[in-house]
Each structure stands twice: as C-alpha cells, then as structure tokens.
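Colleague: Right, I'll just put the structure down here and ask away after.
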Amino acid sequence: MKKSLSFPLSRKHTVLRAVSGSIMPSALAHWLGVRAIAIAPEQIAIREGLRAGVAVGTVMILALHLGMPLMAWAAFAAFWTCLVDPGGLLRRRLQTMVTFAAAGTLITGMISAAAGYGTLPAFIGLGLCSFLCGLARMRGAIATQISVLAAIVGVVAVCYPQTPFGALHLSGLFIMGSAWATLICMVAWPVDPYAPQRQACAAIFREQARMTRRLLQVGMAAEPESLMQQNTISAYRRDIRSRIEQTRAKIEVLSASALTSHTRKTLLPAVEAADRIFIAVMAFEHAILSGSPAPTPLARRTIRLLASTLQRVSREILSTKPRPDALQRQIRFLIVVSEREDDLFAKGARLCATALTDLQTAWQKPTPAAPETRPVSAPARATLPTRLFLRHAARLSVGVMVAYAISLKLELSYAYWAMMAVVVVTQPQVNTTLPRTIERVAGSIAGGLLAAIMGVLLPMWSILLLVFPLAAATIALRSVNYTLCVMFMTQLFVLVTDLVSPALGWDVALARSINNIIGSLVGLAACLLLWPERRSPPLPTLIAAAFKANMQYAALATNPQPVDWPHIERARRTAGTTSTQAEIQYQQARVEGLRRAEYLNISAEILFLLRKMAGAASVWWLEQTTPPSAVALQRAELYAKLNKDLASAQQDGTPESKVTLEALLAQLRCLDLDVF
C-alpha cells in the first residue's frame, strides 16, 4: 500500500524554508513585478539546489581526479537529470527521470555516431531528433520538460562526433551521470512533494498582507496619489489576481485520491478564502486612495489587524497540517471590530471574518473524498490543436538546423550553445517567444561576463569549488525567474568547460554570449517567419473586453436587488482576469515598441480606471443597505443603463475591436469613481 509522502518538516527544514523566503526582498520583487518581470521568490528551492550541487560537483571532482575531460558529459547528464525532476510524488519523479535518462542515452549515442559519419548524417539526425522532441510537447507539461532537455542533449551531442564505439562510450557516461543524479535526488533530502503548492498559496496571503500594510502609510499621507503611482496600484492587484488563478489551477489538478486529497482539501478552501478577502482589501485600498472618507483610527486599526491576520494565515498554510485553532484569536478580533461601527471597514472586517471562519471549518472537518469527476489531463490537452504542435516541431527542427549551419559556416566555437538557445527560446506561440528571447540573452550576457571574470582571476581549485554553488543556485532558482536561472547556468557551463579545457580564459564566456545571441535571434525569427500563426487579440480588443467585464461587475455590485454570491463572484473574477490579460499585453506592447507612446498612455489610463472601477464596485457591494439609499439607487440605474447599452451594441453587431480607446477613456472619465 502506498503512503502519502507529505513529510513533516523538521526545525532544520523550517529554517531553510524561512531563508528561501527571505533571500529576495519583497520591495525588489514588487519593483520587478511593476515592470512585468515575472519573479516568484517563494519558489526558491534550496534543498533541491543542494542535491543538484552534490550530484554535479562529485562527478566533476571524479573527472578531474581521473584526468578524463570527456567525463564532463556525465556531469552535464547529472545536471540535466536534476533539472528535469518535476517534484511531487516519488513515483512520478522516478518515472520522469528514468524516461529522460533512457531518452538522453539513446539520443547521445545516435546523434554523436551520426555526426561521426559526416555533416549530412548529422543534419538529418539533428533535424529528426528536434522534430520528434518538439512534437512530444502535446503529451503534457512533464513531457514538455523531458522533450526540451532531450533536444538539448541532441544539439550538444552533435558537437561530439564519435565512432560507433566512441558513441557507445559517450552513452555510457550519460547513463552513469543520470543514474547518479537520480539516486541523489531520490535518497538525499526528502522534501514535501506539495511544497510548491503550499508556498504559492501562502504567497497569496503574504502579498495581500503587504498590500494591506501599505495602506497605513497612504492613510497618513497628505497626498496619497503622490505615493502610489498608477502602475504600482495596478501591479499589486494584477499580481494577486494572477496568483489566485494560477494557484487555484495548480491545486485543482490534484485528484481526490488518498495521496493528494488531504493537500487538496487543505489548500483549495484557502484559495477561496483569499479570493473573498481580496474584495475587502480592494475596497479598503479604493477608500483610502480616493481620500474620502478619511480613515479613522478604528479603520487604521482594522487595517493593521487584517494585515497581521493575513500574515498569520500565510505562515500556517506552509505546515503540512495547518492548525484551525491558530486562526481563532484573529477571527474573534475581526468580529469585535465589525460590531463596533457600521462603516466600510467594519463591513470588510465582517467579510474577512466570515471567510476565515469558513476556512477554519474546512480545516477542522475536511469533506470526504468525492469520486473523481473532473476532466483529466488528456481532454485538457485536446483543447490545443495538434496543428499547433506540428508547426512548433517544424519550426524547432528548421531553427536548430539553421543555427547549426551558421555555426559551421562561421566556425563558431561551442556551437551547441547557439542550438541550445534555439531549443529554449522557440515556443509554440510567438507571444511567449519574445520575452523568453530577451530573458535568455540578458541572462547569458550577464552570466558570461561573470564567468569570464572568475575564469581569469580565480585559480583552478577555486573554480572547482564554484561548481557546487552554481549548480545549486541554478536548480534553486529555476521556478523563480528564468533570467536568474540562465545567468547561473551560463556560469556553470562556462566554468565546467574551463575546467576540462583550461587556459581558454575569456574565450569561453565570449563564445557562450555570442552563440546565445545568435541562437536566440534564430529562434525568434523561426517563430515570426516560419508558418506564422494568428497573433493574440490586439490590445484595444483586450481593453474593450476588460471594460465590458468590469462594467458587468459594477452593474451587479450596484444592483439593489439581492444577487447570489456565485453570480457576483463569477463576474468579479472575470473582471479581474480580463483586466490582467489586457495589462500583460500592455506591458508587452511597451517592450515591443515605444514609438506608440500616446497610444500606450491612453491604454495605461484606461486600465488604471478599470482597476479603480473594480475597487469602487467592491466598496458599493459591501456598503449595500436595505432599503437602498437614493444615491445607491441612482448609481444602480446608471450602471445598469451602461451595461445594457454595451449588450445592445454587441447584439447590433458592433465588434469590440471597433470601439476606440478614446471613446472608452472619455466614458470612464465621466464616471465619478471616488464617490461612495
């Protein structure tokens, strides 16, 4: 009988977890988030990094001791095996690493042997391998991980031409490195298989606490808008909304089986509670930023209490067995605050207390595991057409062969770095290729320069010692930020190459940077020029959709007739997600071309006003009274009319793309979103 692998965390593991959560300052993480640079500091995996450092470092020490430069191939195999480890249950991890080890061993032997027979067999083998690896993406997320790294094995192996016997020797080194890394990952430092989900869920409450705590500074300032710029306000809401939706998706894929049901029943109610509390946090923010009414001492006390409560919940979620009684004191204080007055902050405190009480009940009395009725991963994959993966596989194959041809023509050293860049940069959809290209080039240049400095200034023994921390940092940061991961990976590969081929100095780092730039540009060109697909909806269309969704939410929030909670919650989530999609597209447009400054300025103001409308709608919903006041009735009539006009325009056949941004901005400016 299988047992759950939810290991209780010891004091040592708690310290490691605390260190991993504090390496990246929250201010820096938020500064990057405002600039649309994805970063998740809570996902720093120190123990996984230590395992990778041991696996790679021991192989390199053995290679230098035996005087076998080719044994660096085993070190690369160990590193790639650690990188392919998906986390989670032991059986899935073992199956993934064994599959990659088998595929990598086969690809190593076949591609290196093909390259040994000449250029034409190398091109044929490389193109076929890249196509099959690109096509394997259609089998899901884990298959994507395996296929990307297997393609990297192929592009590196083509630069190691061997005789059939030499190819067999190279395959043996690969399987040895993979087997050693698998053994280390399976035995050393056992971890909670659901730690990423717990960390992501705890991060929602932690970010909400930071968002709430910032309101104390704004509430005591004379000019709140001078301290909070529009991008900063929108970035907090966008980040929290994205975290809620992404974490909910990560948890909902867990089945109701005995192995995962406890985690699912613990975390899913927490996400739902965070979503409900988000209404109160947005309402508080909107009330303080509008400056009317001014926050009272009781309001500031409510904000401090809510911030500390959210921080407490975030710490409790990190435990494998959260304690329901740990929330009792905070819930009682929120109830006391909500009973003293009947203003917005009291009603928000009551909403938060109710949400936390429901969470406490869910932790105390978990519902029995229901039969699995959700669609499994196969139907989910069917939503993406096979044509998309065929096009991606063809692009990848052509892009890799073009990069290989360029490297042969220019006689580039370490040509596999250019082809590796093509494999990593080329994505099935072009919208994700450009950001990955920028991140790859930036990380490679920064890592190459640092590695060059270390390779020139440091002695050989110190470079060997650096292999361990660099491998650990690469694995630890792989889920945090891609640029950081590439930066440390570049240093690792350059220094390992420098160890097995000494006295190269700056050449290795320079070759790495140049080849990565060439490969990244080739991958980007392949996505743009080869079988281009339809781009995502343009920014005006996304903004129009966000405008419509937020207007529908405002109409429901101001409706004097009672609206059931699921209906209004669905409208609020739709408004948040559509605004987030439009804001992400806006950030990408800023990166792609700054010449459309006026167009982007209008878009930024519209998106900020939509976030303001969502906050005002949360306030209006919280402040509903029976019977409604005359002002509330007038507001309800206005938003009902605006929502009806939007629906009528859509029925008349007016597409959202035909609505100009200037018209949307003019309509939003006419609304007084600061009035309560």
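Colleague: Could you check CYS159 against (1) touching a residue at least 24 places away in the same chain (Cβ under 8 Å); (2) part of a helix (DSSP H, G or I); (3) open to solvent by 30 Å² or more (accessible area, probe 1.4 Å) and say which number it fails?
Modeller: (2)
Colleague: Restricting to the range 435-474, name every residue that is touching a Phe, Trp or Tyr at 6+ places or on another chain (Cβ under 7 Å), among the hydrophobic types (A, V, I, L, M, F, W, C) and within 13 Å of MET489 (Cβ to Cβ).
Modeller: Selection gives LEU470, ALA471, ALA473.
Colleague: Further question: Can you tell which of VAL59, VAL15, VAL34, VAL98 is of a type outside the set (S, T, N, Q), at pLDDT 65 or above and either surrounded by fewer than 20 Cβ atoms within 10 Å (Cβ to Cβ) or out of contact with any Gly (no Cβ under 7 Å at 6 or more places or on another chain) (or both)?
Modeller: Unique residue meeting the criteria: VAL98.
Colleague: From ALA393, ALA362, grab the single residue that is of a type outside the set (Lys, Arg), in contact with a Phe, Trp or Tyr (Cβ under 8 Å, 6 or more places away or on another chain), surrounded by 14 or more Cβ atoms within 10 Å (Cβ to Cβ) and modelled with pLDDT of 85 or more.
Modeller: Being of a type outside the set (Lys, Arg), in contact with a Phe, Trp or Tyr (Cβ under 8 Å, 6 or more places away or on another chain), surrounded by 14 or more Cβ atoms within 10 Å (Cβ to Cβ) and modelled with pLDDT of 85 or more holds for just one of ALA393, ALA362, which is ALA393.
Colleague: Condition test on MET420, is it part of a helix (DSSP H, G or I), in the same structural domain as ALA151 (by the TED database) and open to solvent by less than 50 Å² (accessible area, probe 1.4 Å)?
Modeller: For MET420, the condition - part of a helix (DSSP H, G or I), in the same structural domain as ALA151 (by the TED database) and open to solvent by less than 50 Å² (accessible area, probe 1.4 Å) - is met.
Colleague: Output the residue which, of all residues in the range 303-319 that are open to solvent by 10 Å² or more (accessible area, probe 1.4 Å) and touching a residue at least 60 places away in the same chain (Cβ under 8 Å), is nearest to the chain's Cα centre (by Cα).
Modeller: LEU318
Colleague: Specify the residue that is modelled with the lowest pLDDT; the eligible residues are those in the range 434-455 that are open to solvent by 10 Å² or more (accessible area, probe 1.4 Å) and more than 13 Å from GLY523 (Cβ to Cβ).
Modeller: GLY455
Colleague: Being modelled with pLDDT of 90 or more, more than 24 Å from GLN197 (Cα to Cα) and aliphatic (A, V, I, L, M) narrows it down to one residue among LEU289, LEU305; which is it?
Modeller: Exactly one residue qualifies, and that residue is LEU305.
Colleague: Take the conditions at positive phi, within 29 Å of the chain's Cα centre (by Cα) and open to solvent by less than 30 Å² (accessible area, probe 1.4 Å) and apply them to GLY140. Does it pass?
Modeller: When the stated conditions are applied, GLY140 passes them.
Colleague: Being open to solvent by less than 50 Å² (accessible area, probe 1.4 Å), not polar (S, T, N, Q) and not in a helix (DSSP H, G or I), is that true of even one residue in the range 456-478?
Modeller: yes
Here's the yes/no breakdown for (1) at pLDDT 80 or above; (2) under 29 Å from the mean Cα position of the chain (by Cα):
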{"residue": "THR247", "(1), (2)": "yes, yes"}
{"residue": "ILE251", "(1), (2)": "yes, yes"}
{"residue": "SER257", "(1), (2)": "no, yes"}
{"residue": "HIS262", "(1), (2)": "no, yes"}
{"residue": "LYS265", "(1), (2)": "yes, yes"}
{"residue": "ALA280", "(1), (2)": "yes, yes"}
{"residue": "ARG301", "(1), (2)": "yes, no"}
{"residue": "LYS321", "(1), (2)": "yes, yes"}
{"residue": "PRO324", "(1), (2)": "yes, no"}
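Colleague: Taking the options PHE165, PHE100, name whichever one is of a type in the set (Phe, Trp, Tyr), closer than 26 Å to HIS392 by Cβ, assigned to a helix (DSSP H, G or I) and in the same structural domain as SER413 (by the TED database).
Modeller: PHE100
Residue by residue, here is whether (1) in contact (Cβ under 8 Å) with a residue 24 or more places away in the chain; (2) of a type in the set (S, T, N, Q); (3) surrounded by fewer than 22 Cβ atoms within 10 Å (Cβ to Cβ) holds:
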site	(1), (2), (3)
GLY523	yes, no, no
ALA526	yes, no, no
PRO532	yes, no, yes
PHE547	yes, no, no
ASN550	yes, yes, no
PRO562	no, no, yes
TRP565	no, no, yes
ARG570	no, no, yes
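Colleague: Further, regarding this structure: Condition first: of a type in the set (Val, Ile, Thr) and not in a helix (DSSP H, G or I). Now tell me which residues in the range 387-416 satisfy that.
Modeller: none
Colleague: Does ILE240 qualify as being farther than 30 Å from ILE406 by Cα and at pLDDT below 80?
Modeller: So ILE240 fails the test.
Colleague: Criterion first (over 12 Å from THR212 (Cα atoms), assigned by the TED database to the domain that holds GLU207 and touching a Pro at 6+ places or on another chain (Cβ under 9 Å)) does SER319 satisfy it?
Modeller: yes
Colleague: Among the candidates ALA179, ALA202, single out the residue that is crowded, with 21+ Cβ neighbours inside 10 Å and among the aliphatic types (A, V, I, L, M).
Modeller: Of ALA179, ALA202, the one residue that is crowded, with 21+ Cβ neighbours inside 10 Å and among the aliphatic types (A, V, I, L, M) is ALA202.
The values are calculated or read from the model by the stated rules, or taken from the named source; none is laboratory data. As the structure is a prediction and not an experimental result, all values here were calculated from the model. A quick note on method: Cβ atoms are made from the backbone with ideal geometry, for glycine too, and the neighbour counts reach across all protein chains shown. For the accessible areas, the whole protein counts, side chains as well, though only heavy atoms, and no ligand, DNA or RNA atoms are used. Shrake-Rupley method; radii C 1.70, N 1.55, O 1.52, S 1.80 Å.
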